[in-house]
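The block underneath contains the structure these notes are about, expressed in structure tokens.
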Amino acid sequence: MSKFSIRKSLFTWDKGVVLFLVISILIGSFGSQYFATASNLSFVIQSIAEIAIIATAMAFLIISGEIDLSVASMMALTSASIGYAFQAGVPFEASILIGLLVGLLAGIFNGVLVTVFGLPSLAVTIATLALYRGLCWVLLENKPVNQLPTDWVALGNENIPNTFLPWATIPLVLLAGVAWFVLHTTKLGRWVFVIGTNPVAAKFSGIPVNRVKLGLFAYSGLMSAVAGVIYTLRFASASPDGGAGYELSVIAAVLFGGVAIAGGVGTMWGVLAAVISLGVIRSALQLVGFSANALLVVSGGLLLISVILPRVTEFVRSQRSRASIQSNNKEKVNT
Amino acid sequence: MNFFSRALRIRELPGLLGLFVIYVGTGLINPRFFSPSVLNDILYGVAIVAILAIAQTFVIVMRHIDLSVGSVIGFTSFLIGDLSSQGYSLGAVLAVAALVGAAVGALNGFLVAYLGLPSLVVTLATLYIVRGIFNQVGAGKTIVESMVPKELNWLGLNRLFGVPYLFIIAVVLMVVAGVIMHKSRAARDLYAIGSNPSAAELVGIPVKRRILLAFVATGAVSGLAGAVMLARFSSASTQSGLGLELLVVAACVVGGVSIAGGSGTVFGAVIGAILLQQILLSIGALGIPQFWQLAVNGALIIGAIGLDRYLSTRVKPSNIMGAES
């Protein structure tokens, strides 16, 4: 019930995030002359591309009431597979396809453990976080692969000609667009919300809950793999320890974007606004001289605020409605 | 009820069996694995994760989780070294360590119990915040052996009857916590909360106070564990304790502390921690490249969760969680 009361209210958290994005851009622009430069904007987009792409899939999963902590490991496993295959003499294009396939399979494996064996996704993906990261070490040992084809590496580092947008913008916009479209306009998207609100009711109303969830885990694997390809090209290297801890940044961004950890609530544009504003605020704070440590505290603080504030507004609203019910009752007694 | 099905009810049994099989199996292939020095390595190396896993058990049996412990233990191990090198007494710095841990635990517990926020999110946030503060306080500083309190250095280097003191500390904590979890009313309440939070509320358990208390206890023990970490490594930097939280949760799960709440013991958590540490050494003894360690750990955790699920559905057909899902 409370979920619906939040959605009905005029001010919702995801709108607040967009407002926050605007404010942080303003602060950045006034705070530093270097903020609104083309090279900095390009840098900001590049720094959020991987997290944003994974976050689109994570939003689906969390809305459906599940979670995937293994995304950073799947991203690294994709990167390691690309490096391993390329080193073994496979053409680079084919190596990328192999990497994407590995990520997809890793996601499917998570999904099978959750849907077929009925294991809790939190525990399963903590385990596969270790497993997939471990496989990275098995594949590459401690020898990162650095000799990647230069024209591919250029894709990861240069801008689209005549713009300030890095090449990663193209998959980012495409994938975010698809995710937004599916979540908010298709039957599948509605199903995801229903499953997250009440899985039992969803099952009884004929939604193939397990198939949808399996699909979402596979999707999460594939998006992590795409992020892994971008990551590999950006750093021109496939290393076994790449992107460690990204899973926490992704989850933090998704929750900050107004997706409820209990499932059933969230919007794609809230999530995207959150990822962008976290990137922007990081850049802005760095430019005005904040240390990287302060940024950690800010990320944690924003995450806390994002869960506390909805709770507070809910509380205020329930107090207000209780007060109005009481006054109504008094009137009835009086008449 | 026959012996077999009763034995299956013991949550720690799979962990103990695994411990035994891997120990004997590795020893048969590589007899040097049976030497006392390997046993010593296992016990010495396991102390930190074992202590954190004991602390984590308090929250996991309530169906909650505390991810902030890695940041807390790293921070307090640094603080202990830093403050004692400035001349503070050991008692004072240990008190500071316990207080820092308890304060983080109190924040976690307050947000989870009184604002009803999910513990996963709250402790993820405090993981960031504590690590950020730690990085700021400890920027550019490294604690080296000469800054470690003498008593801690001594504890880290010596043993009693061949058993490392650090492991003895873990065992003493396990026994104390085990007795409390078994006998005390408040600790029994934690299991009730984990089995069914709303029912626990209805039978009159002060759920909020209990949750707060459990998080404070977890935080305080994790804070004090910083001393053990400093004794073990004789050094600390802003990298200390990074990523330790997942290993700790893994140890609990492997040891039969169910992530779904309501069951598991501190004894099991310690067994799980020893099992993970033993696998690390047995990989080396079997001549498998060290790079396999993490992958094997991951596979083991999947096995443990699967087995736990299998046992709980088979042994307790009237399981409420099963009916719910």
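Among the residues of region B:259-295, those identified as of a type in the set (Phe, Trp, Tyr) and either within 10 Å of chain A (Cβ to nearest Cβ) or in a loop (DSSP other than H, G, I, E, B) (or both) are B:Phe291, B:Trp292.
Residue count for region B:72-119 under the criterion of being farther than 18 Å from B:Gln136 by Cα and either within 14 Å of another protein chain (Cβ to nearest Cβ) or small (Gly, Ala, Ser) (or both): the result is 25. Taking the conditions (1) within 14 Å of another protein chain (Cβ to nearest Cβ); (2) crowded, with 18+ Cβ neighbours inside 10 Å; (3) at negative phi in turn, A:Thr313 satisfies each one other than (2). For region B:204-219, the condition of being part of a loop (DSSP other than H, G, I, E, B) and under 28 Å from B:Tyr128 (Cα atoms) holds for none of the residues. Which one of these does B:Gly70 not meet: (1) crowded, with 24+ Cβ neighbours inside 10 Å; (2) closer than 22 Å to B:Thr238 by Cα; (3) of a type outside the set (A, V, I, L, M)? Exception for B:Gly70: condition (1). Among helices (runs of 4 or more DSSP H) entirely within region A:51-145, having at least 1 residues that are more than 17 Å from B:Ile301 (Cβ to Cβ) and either more than 10 Å from every other protein chain (Cβ to nearest Cβ) or among the aromatic types (Phe, Trp, Tyr) (or both) singles out A:71-87, A:92-115. Here the condition is being without any contact (Cβ under 8 Å) to a residue 40 or more places away in the chain, among the hydrophobic types (A, V, I, L, M, F, W, C) and touching a helix residue (DSSP H, G or I) at 6+ places or on another chain (Cβ under 9 Å); of B:Leu230, B:Leu280, B:Leu294, it holds for B:Leu294 alone.
Picking from residues in region B:125-154 that are among the basic types (Lys, Arg) and within 14 Å of another protein chain (Cβ to nearest Cβ), the one that is farthest from A:Val297 (Cα to Cα) is B:Lys141. Any idea which of (1) assigned to a helix (DSSP H, G or I); (2) closer than 26 Å to B:Ser198 by Cα is the one B:Gly116 doesn't satisfy? (1) is the only condition that B:Gly116 fails. Among the numbered criteria (1) away from every other protein chain (no Cβ under 11 Å); (2) part of a helix (DSSP H, G or I); (3) small (Gly, Ala, Ser), which single criterion is violated by B:Gly256? The single condition B:Gly256 does not satisfy is (2).
Of the residues A:Leu272, A:Leu255, the single one that is in a helix (DSSP H, G or I), buried (at least 24 other Cβ atoms within 10 Å of the Cβ) and facing chain B (nearest Cβ under 8 Å) is A:Leu255. Scanning region A:169-182 for residues that are more than 30 Å from A:Pro208 (Cβ to Cβ), more than 11 Å from chain B (Cβ to nearest Cβ) and not in a helix (DSSP H, G or I) turns up nothing. Among the residues of this structure, A:Arg320 does not count as one that is among the charged types (D, E, K, R), part of a helix (DSSP H, G or I), at the interface with another protein chain (Cβ under 10 Å from one of its Cβ atoms) and over 30 Å from A:Trp137 (Cβ atoms).
Screening A:Arg234, A:Arg190 for residues that are on the phi < 0 side of the Ramachandran plot, among the basic types (Lys, Arg), more than 14 Å from chain B (Cβ to nearest Cβ) and without any contact (Cβ under 8 Å) to a residue 40 or more places away in the chain leaves exactly one candidate, A:Arg190. When region B:199-223 is limited to residues that are within 16 Å of the chain's Cα centre (by Cα) and buried (at least 24 other Cβ atoms within 10 Å of the Cβ), the one that is nearest to B:Ser146 (Cα to Cα) turns out to be B:Gly223. Say whether the condition of being small (Gly, Ala, Ser), at pLDDT 90 or above and in a helix (DSSP H, G or I) is met by at least one residue in region B:30-52. The answer is yes; a qualifying residue exists. Please tell me if A:Thr150 is modelled with pLDDT under 95 and away from every other protein chain (no Cβ under 14 Å). For A:Thr150, the condition - modelled with pLDDT under 95 and away from every other protein chain (no Cβ under 14 Å) - is met.
The values are calculated or read from the model by the stated rules, or taken from the named source; none is laboratory data. These numbers come from a predicted model, not from an experiment. Note that each Cβ is placed from the backbone with ideal geometry, even for glycine, and that neighbours are counted across all protein chains shown.
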